[in-house]
Amino acid sequence: MSTQLPASISEETVRSISEERDEPDWLLQTRLDALSALDELEMPSVIETPGRRWTNLEDLDYESIVDPLDQRDETERISAEGAKVLDFETALDEHPELVKEHFGSVTDPQTNYLTALSTALFTTGTVIYVPEGVDAEDVKVRAEMNSTSLFSHTLVVAEDNASATILERISNGSEVDGDRYFSNLVEIVTGENAYVQYGSLQNLDEDVYDFTLKRGDANRYATIDWIEGNIGSRLTRSDIETELNGDSSETKIVGAFFGHDDQHFDINARVWHNGEHTTADLVTRGVLDDEARSVYEGVQDVGRDAWDTSSYQRENTLMLSDDSEADASPKLIIHNHDTEASHSATVGQVDAEDLFYMTSRAISENTARNMLVEGFFVPVLEEVEVDELREDIDDLIVARLD
C-alpha cells in the first residue's frame, strides 16, 4: 500500500533544500530521483499475524508531521585524534569524492517509501571518516531535534585496518508541541580488517514518531557491532542490518527497549551471510508496561556461498502488564549446509515464584519487581562494551521504573 505524498513536498521543495546548502549536482539528482520514486514505493514490510497488522506506518498523518522547510537541530560532534567527524555540508566541501563514492552505497535510497522520503529531504547529518590504520575510540554525536520534523543521514567510512567507536544520542528540545517525526539513516562502509562499533540511544519525547534504518557493509576480516537502545518516542520503527560480504567478517547486534503507556516498538535485526567463515550474534531484550506494544523480527540469511557460517539469535520480551502486547518472529534462511545457527524468542511475564520468594523476605512487591526487571536487562547490558553507553541505558531503565 503506497502513501500519498504530502502537499508540502515537491520538486521545488527539494531544490530549495539542496540549493540552500550549495550541494553538488549529483546529490541534487539523487534527491530528485528519490522524490520521483515515492509514488511507486511501498512502506517498509511489517509483521502480520492472522487478523492483525502490527504496525500501520501508512496510517500516519505525514501531512501534519512533516514540514520539510522548517528543520532545526542542535548537533554536537566530538572527534577522536586522526578521524574526521564533520557535518554533511563541510564533508561535501572537504571530501567531495569520498561522500560521492559512498553515499547510498550501503542503503539504496529507494529501498522503501520512508528511505526515499528521508533521502529527498534530509538537512542534517554527519560524515565520519577514519583513515587507514587510525584508531578512533571516542567519537560522539549528540543530536537534538527542535522542529516538527527532522531528517538526518550519517555516513561512516572506516578504511583498511581502521577502528572506531561511535556513540550517538537522539533527543529533542521543548520548543515544539504536538506530533513530530524524526528520520535517521546510517550507512557504515568498512575496509579490510576494519572495526566499527556504533552505539545509539534514542530518548525522544513520546509525541515523536521515529524511523531508523542503520545498515553496514562488512569487508574481509571486518567487524561491525551495533548497540541500539530505544526508550522514547510514541512509535519507533528500528531496522539494524549488516551484510557480511567479506570472508571472515563479523557482526553483533545488541538491542534493548523499554515501553510504557501506549508506546509502540517495531524492532528488526537482519544479517546476510554472503562471505565464507562469517559470524553473527543478535541479542535483544525488551520490557513492556501499561498498554505498550512491541513486535520483533530477526532474520539470519545464509547465502549459497557462505561456507562455515556461525549465526545466533536470541530475543526476549518481558511484560509487566496484562494490557501490554508483544510478538516475535525470528527467522533462519539457510542456503548452505555448512552452517551452525540457532534462533529463539520468548514472551512472558515476571516469574511469580521469583516475585513470591523476594516478597517473602520482606522486600516490597514494587521493589522486587523493579529488581527483577533490572536483572532481566543484565545479559544485554553485559554485551555493551562501552561503559558510558551501558551506564546511560541503565540509568534510563531505572528512571522508567521509578
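The values are calculated or read from the model by the stated rules, or taken from the named source; none is laboratory data. These numbers were taken from a predicted model, which means no experiment stands behind them. In this analysis, Cβ positions are derived from the backbone assuming ideal geometry, glycine residues included, and neighbour counts consider all displayed protein chains. Note: accessible area is taken over every heavy atom of the protein model, side chains too, but ligands, DNA and RNA are not part of it. Shrake-Rupley method; radii C 1.70, N 1.55, O 1.52, S 1.80 Å.
In nm, to one decimal, how far is the Glu63 label point from the His335 one, both placed 7 Å along Cα→Cβ?
Spacing of the two 7 Å Cα→Cβ label points: 4.3 nm.
To the nearest 10 Å², what's Asp73's accessible area with a 1.4 Å probe?
50 Å²
Provide the gained length on full extension for the span Asp261 to Asp351, in nm with one decimal, where the gain is 0.36 nm per separating residue minus the Cα-Cα distance.
Numbers: separation 90, 0.36 × 90 = 32.40 nm, distance 2.19 nm.
Gain in length upon complete extension: 30.2 nm.
With +1 assigned to the C-beta of every Lys and Arg and -1 to the C-beta of every Asp and Glu, and no other charges, what is the dipole magnitude of the chain about the Cα centre in debye, to the nearest 20?
Values: 29 positive and 88 negative charges, 136 e Å.
It works out to roughly 660 debye.
At a 1.4 Å probe, what is the % contribution of carbon and sulfur to the accessible area of the chain? Working shown, then result.
On the way: 6760 of 16410 Å².
Ligands and nucleic acids excluded, carbon and sulfur reach 41 percent.
If the elastic network links every pair of Cα atoms under 10 Å, which of Gln29, Gln263, Gln197 fluctuates the most in the Gaussian network model of the chain?
Taking springs between Cα atoms under 10 Å, the residue moving most is Gln29.
With labels modelled as points extended 7 Å from the Cα through the Cβ direction, what inter-label distance (nm, one decimal) is found for Asp135 paired with Asp177?
Computed distance between label sites Asp135 and Asp177 equals 5.2 nm.
Find the accessible area per residue for the stretch 127-166; the probe is 1.4 Å, ligands and nucleic acids are left out, and the unit is Å². Each step should come with its number before you reach the end.
Values: 1100 Å² over 40 residues.
Each residue of the stretch 127-166 exposes 27 Å² on average to a 1.4 Å probe.
What is the extension gain from Glu374 to Glu74, computed as 0.36 nm multiplied by their sequence separation minus the C-alpha to C-alpha distance, in nm to one decimal? All intermediate terms of the calculation are to be shown ahead of the outcome.
On the way: separation 300, 0.36 × 300 = 108.00 nm, distance 3.23 nm.
Here the answer is 104.8 nm.
For Lys84, list the lysines whose Cα falls under 23 Å from its own Cα; do not include residues on the same chain fewer than 8 positions away.
Output for Lys84: Lys100, Lys140, Lys214.
Once fully extended, how much extra length lies between Thr49 and Ser360, figured as 0.36 nm per residue of separation less the alpha-carbon to alpha-carbon distance?
In short, 107.9 nm is gained.
List the lysines whose Cα lies under 19 Å from the Cα of Lys331, skipping any in the same chain that are fewer than 8 positions away.
Candidates past the 8-residue exclusion: Lys252.
Could you tell me the calculated FRET efficiency between Leu28 and Asp402, based on Cβ-Cβ distance and R0 = 41 angstrom, to the nearest 0.05?
Values: r = 49 Å, r/R0 = 1.19.
Working from the Cβ atoms, E equals 0.25.
Please check: in the Gaussian network model of the chain (C-alpha springs, under 10 Å), which one of Glu20, Glu374, Glu297 has the largest mean-square fluctuation.
Checking each option, the largest mean-square fluctuation is seen for Glu20.
Rounded to the nearest Å, what's the spacing between the alpha carbon centres of the stretch 110-159 and the stretch 226-254? Just the number, please.
15 Å
Which FRET efficiency value, to the nearest 0.05, is calculated for Ser342 and Asp305 with the Förster distance at 35 angstrom and r the Cβ-Cβ distance?
Numbers: r = 21 Å, r/R0 = 0.61.
After rounding, the FRET efficiency stands at 0.95.
For the chain, modelled as a Gaussian network with Cα springs under 10 Å, which listed residue fluctuates most, Arg369, Arg21, Arg53?
Highest fluctuation of the listed residues: Arg53.
At 1.4 Å probe radius, can you tell me the per residue accessible area of the stretch 352-402 in Å²? Please report the intermediate quantities before stating the final value.
Working: 3060 Å² over 51 residues.
Ligands and nucleic acids excluded, the result is 60 Å² per residue.
State in Å² the accessible area per residue of the stretch 1-55; use a 1.4 Å probe, count heavy atoms of protein chains only, and round to the nearest integer. If you can, show how the numbers build up before the last one.
On the way: 3180 Å² over 55 residues.
Heavy-atom accessible area per residue stands at 58 Å².
In whole angstrom, how far apart do the alpha carbon centroids of the stretch 10-89 and the stretch 256-301 sit?
Their Cα centres are 23 Å away from one another.
Calculate how many DSSP beta bridges within the stretch 219-325 are antiparallel, expressed in % of all such bridges and rounded to the nearest 5.
Roughly 0 percent of the DSSP beta bridges within the stretch 219-325 come out antiparallel.
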